[in-house]
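Where a number appears in this text, it was derived from the coordinates with a stated rule and is not lab data. On a predicted model such as this, the values are computed, not experimentally measured, just so you know. Note that we place each Cβ from the backbone using ideal geometry, even for glycine, and neighbour counts take in every protein chain shown.
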Amino acid sequence: MQNNQQRIPEIDIPNVPLWRNQIGPFRASIWENQRTTNGKTFTVRELSFSKRYRTENGEYKDTTKYQTNDIPKAILALQKAYEQLISPDGTEDNE
């Protein structure tokens, strides 16, 4: 199984994931965003998850449809993302 886990350096550019992990065709990214509710601003970490595939003409696309054999890789990618999300500073790398 392919496991390309990387910690994205902290930079002050919007729309850059805090963390990204790819296992096979599955990519999980964690984003840190600011929210304001009732006048209070707080930080939330959110997950985006997709399966990448290549079309016949070489273009990459995302899908939300998975085959039976995709499920173990999807679970592993989501588990790694969950471990990142629950770690206190979001920097837990257990590999």
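Straight Cα distances below 20 angstrom link K40 to none of the lysines, with same-chain residues fewer than 8 positions distant left out.
Note on I86 and V16: their simple-model spin labels are 2.9 nm apart, each label 7 Å out from Cα toward Cβ. Count Lys and Arg as plus one, Asp and Glu as minus one, and take only other residues whose Cβ is under 13 Å from that of Q67; the net charge is then +2.
For the peptides 51-61, 67-77, the ranking by mean Cβ contacts within 10 Å, running from highest to lowest, is 67-77, 51-61. A cut-off under 9 angstrom between Cβ atoms defines the neighbours of T43, and their net charge, with Lys, Arg +1 and Asp, Glu -1, is +1.
Averaging 1/r over every pair of different alpha carbons in the range 3-86 and inverting the result gives a Kirkwood radius of 14.3 Å. For K80, the lysines whose Cα falls under 28 Å of its own Cα, not counting residues fewer than eight places away in the same chain, are K51, K61, K65. Short-range pairs are left out: with C-alpha atoms under 8 Å and at least six residues apart, the relative contact order of the range 3-86 is 24 percent.
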